[in-house]
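Each remark here refers to the structure printed beneath this line.
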Amino acid sequence: MVTPDPEPPTVTYRALFGVGEFRAIGAAHALSILGDVVGALAVTVLVFQQTAAPLLAALAFSLVFLPHLLGGALVPVVMRFRPRPLAVVCNVVSAGLVGVLSLPGIPAWVLLAVMFVVGLLAPVSVGVRSAMLPDILGEGPLFVLGRGAIRLTSQSSMVVGNLLGGASLLFLTPQGALLADALTFVAAALLLRFGTRDRGWVGAPTPGDDRGLGTFREIWSYPPVRRLLLIGWLTPSFAIASEALAAPYVAAVGRPERELALMLSASAAGMVVSDLAASRMLRPVAQRRLIAPGAVLLCAPLLLFVFSPPLPVAVGLMFLSGLGLAYNAGLDSLLAERTPSRLLPRTLAYQYVFLLGVQGAIAVGWGGLGELVEPGAAIAMAGLAGVVVVSLLTFRVARPQRAPAAAGREST
């Protein structure tokens, strides 16, 4: 058995934000998420105004997530380009496309098509930023804290984005909100261009490494890495049922539909609190021990939706579920440790783009289930399935690896 290494000292946010490149990446990430949320709300309103079709309006909003599935297939291609210019170009192109949508009189089908392209660029840009982190922060505790800070930024930006999106539609036209969205992409491009160093990829493909999806197959061939990726992708895909069905659930319990924002904000708030606490306050060993109970906690509170609780109780359950996201800090630590160093940047890029894509696709499935049964029952069924699957996936996941697996990490 391999003797575990001594625990590294706890790192601080002061040290993390003392890294100038991380500040630039974090700010660009926050602006991108804010823009995505505001833009999705504006396009949803425009499509509904033109078509009066709730299905098309829902499709407009889901385009923020679904293209990430296709974006994952682009990872082996984009790894052939230098990361900073690639991220800058993605943001500049997105700014131009969204700027075109801010013109009056754009038909609904054009709105949907252009947002799909913007959504396809998003996982490339965000995946590139995520994959730059190991080179900027290393692969130790500072990297884990940095990943937690990026997730914290994402959740906080989604909460703020929903508030700003709603306010922007009160004081601006949807076209004005889209113009503001375009400006966030411009600002993100400037931050990345002037706030980060132009570097190559760590473990970039060699001229003979032209295998397309073979890159993903190589990552997938490592059982410990495969298991960690599945935990990261599937766990929130069960929990997202409560968000996908928030609007019909609120209507089912007799509350105004605008109050669905309470459910969505409660979930995001729980995630912000838990990710902040786990990343900052817990040592690596404690973070890893929290993977299994945290992942189960993300799904377990949804079981109580079978009783169709009143909205204040449902909001509390959503917040409790969000606290389960504390498992992510330990998951990041294990992923950085068990992934071969030369594959870590590409693994992180795949992890992120498929995370949102899988959630978007499965959320559509939970919506279909909500057509067959009451919303509360559908949410509870998702929670039950999540508890079972996640319990199996996380069983003894943090146990030390045997020597051959550890040695494989150094075989670069």
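The values are calculated or read from the model by the stated rules, or taken from the named source; none is laboratory data. Just so it is clear, the structure is predicted and the values come from calculations on it, not from any experiment. As a convention, Cβ positions derive from the backbone with ideal geometry for all residues, glycine included, and neighbour counts pool all protein chains shown.
Kindly indicate whether any position in region 268-280 is of a type in the set (K, R) and over 21 Å from the mean Cα position of the chain (by Cα). No; the residues of region 268-280 include none that is of a type in the set (K, R) and over 21 Å from the mean Cα position of the chain (by Cα). Among the residues of region 98-116, those that are in a helix (DSSP H, G or I) and either within 22 Å of the chain's Cα centre (by Cα) or surrounded by 16 or more Cβ atoms within 10 Å (Cβ to Cβ) (or both) comprise V98, G99, L101, A108, L111, L112, V114, M115, F116.
Just one residue in the set P123, P83, P67, P76 is within 21 Å of the chain's Cα centre (by Cα), surrounded by 18 or more Cβ atoms within 10 Å (Cβ to Cβ) and modelled with pLDDT of 75 or more; that residue is P83. Identify, please: which residue in region 206-225 is closer than 22 Å to I291 by Cα and surrounded by 12 or more Cβ atoms within 10 Å (Cβ to Cβ) and is, among those, modelled with the highest pLDDT? Per the criteria, the residue is V225. Answer yes if at least one residue in region 192-205 is among the hydrophobic types (A, V, I, L, M, F, W, C) and modelled with pLDDT of 70 or more, and no otherwise. Yes, that holds for at least one residue. Within region 252-280, the set of residues being small (G, A, S) and either in contact with a Gly (Cβ under 9 Å, 6 or more places away or on another chain) or at pLDDT 80 or above (or both) comprises A252, G254, A261, A266, S267, A268, A269, G270, S274, A277, A278, S279.
Taking the conditions (1) at pLDDT 85 or above; (2) out of contact with any Phe, Trp or Tyr (no Cβ under 9 Å at 6 or more places or on another chain) in turn, V92 satisfies each one other than (2).
Report those helices (runs of 4 or more DSSP H) wholly inside region 257-351 carrying at least 3 residues which are surrounded by fewer than 17 Cβ atoms within 10 Å (Cβ to Cβ).
Passing ranges, in order: 260-281, 284-289, 311-323.
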